[in-house]
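The structure appears right after this line, and notes come after that.
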Amino acid sequence: MTLLIIGIVVFLGIHLLPTVSGLRERLAARLGDTGYKMAFSLVSIAGLVLLVYGFAKAPVVQIWSPPSWTRWVAIVLMLPAFIFLVAAYLPGQIKAKLKHPFLVTIKTWAFAHLIANGDLASLILFGSFLAYAVYDRIALKRRQPTGLVDVQGPESARNDITAVALGVVLYSAFLVWLHPLLIGTAPLAQ
């Protein structure tokens with residue numbers, strides 16, 4: 001459980017840097033823009049590796065037993081999460097309405113997995129990501145844009161159609177093939 005918590009602190013900690021006024025700018029001035037991005041990437045990867053490994057090795061401590069229907073709610077919620085994920089990179093009405101579709105993706109993913117899993121490691125992992133996404137969305141309203149993310153191009157209905165189509169394809173692939181392969185559980189087979 002310790003590695004999971006360290007991984008979450010490292011991964012989410014580095015992603016919270018932009019919420020601290022002026023910190024990103026000071027680090028970029030000290031390390032250079034490329035150096036900052038490389039350091040950010042390396043720390044992110046290290047945190048991700050730690051949290052994935054820590055989650056995989058965490059003991060199963062059941063806090064509550066979710067009803068079987070919550071699994072189906074999670075399966076349904078993940079479809080829009082994948083569409084929002086793709087829409088985050090395609091300027092269109094979906095992106096415009098959600099403003100920050102990647103954070104909506106994280107919140108939807110985390111909430112879906114929180115209601116479907118009752119073990120301690122899942123509560124820590126998904127609860128942390130949900131709290132991060134809620135905090136970051138609030139913080140985005142209060143800070144100046146860095147220009148690093150959320151580059152908005154001309155909105156296009158074609159982008160929305162692409163986001164839905166690719167989201168459905170990714171969702172289907174993950175539900176049927178990738179979730180069992182990468183995570184070790186088959187959501188449809190439980």
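Here are some notes:
- For the residues Lys107, Lys57, Lys95, the requirement of being closer than 15 Å to Phe129 by Cβ and either surrounded by 15 or more Cβ atoms within 10 Å (Cβ to Cβ) or touching a residue at least 40 places away in the same chain (Cβ under 8 Å) (or both) singles out Lys107.
- Scanning the range 125-138 for residues being touching a residue at least 40 places away in the same chain (Cβ under 8 Å), over 22 Å from Met1 (Cα atoms) and surrounded by 15 or more Cβ atoms within 10 Å (Cβ to Cβ) gives a total of 1.
- Scanning the range 26-35 turns up at least one residue that is on the phi > 0 side of the Ramachandran plot and free of Cβ contacts under 8 Å to residues at least 40 places away in the same chain.
- All positions within the range 7-49 that are of a type in the set (A, V, I, L, M, F, W, C), within 25 Å of Arg142 (Cα to Cα) and assigned to a helix (DSSP H, G or I): Ile8, Val9, Val10, Phe11, Leu12, Ile14, Leu17, Leu23, Leu27, Ala28, Ala29, Phe40
- Helices (runs of 4 or more DSSP H) contained in the range 50-121 and holding at least 1 residues among the hydroxyl-bearing types (Ser, Thr, Tyr): 69-87, 101-116
- In the set Val43, Val76, Val86, only one residue is in the same structural domain as Val164 (by TED's automatic domain parsing) and buried (at least 16 other Cβ atoms within 10 Å of the Cβ); that residue is Val86.
The values are calculated or read from the model by the stated rules, or taken from the named source; none is laboratory data. Quick caveat: nothing in here was measured; it's all calculated off a predicted structure. A quick note on method: Cβ atoms are made from the backbone with ideal geometry, for glycine too, and the neighbour counts reach across all protein chains shown.
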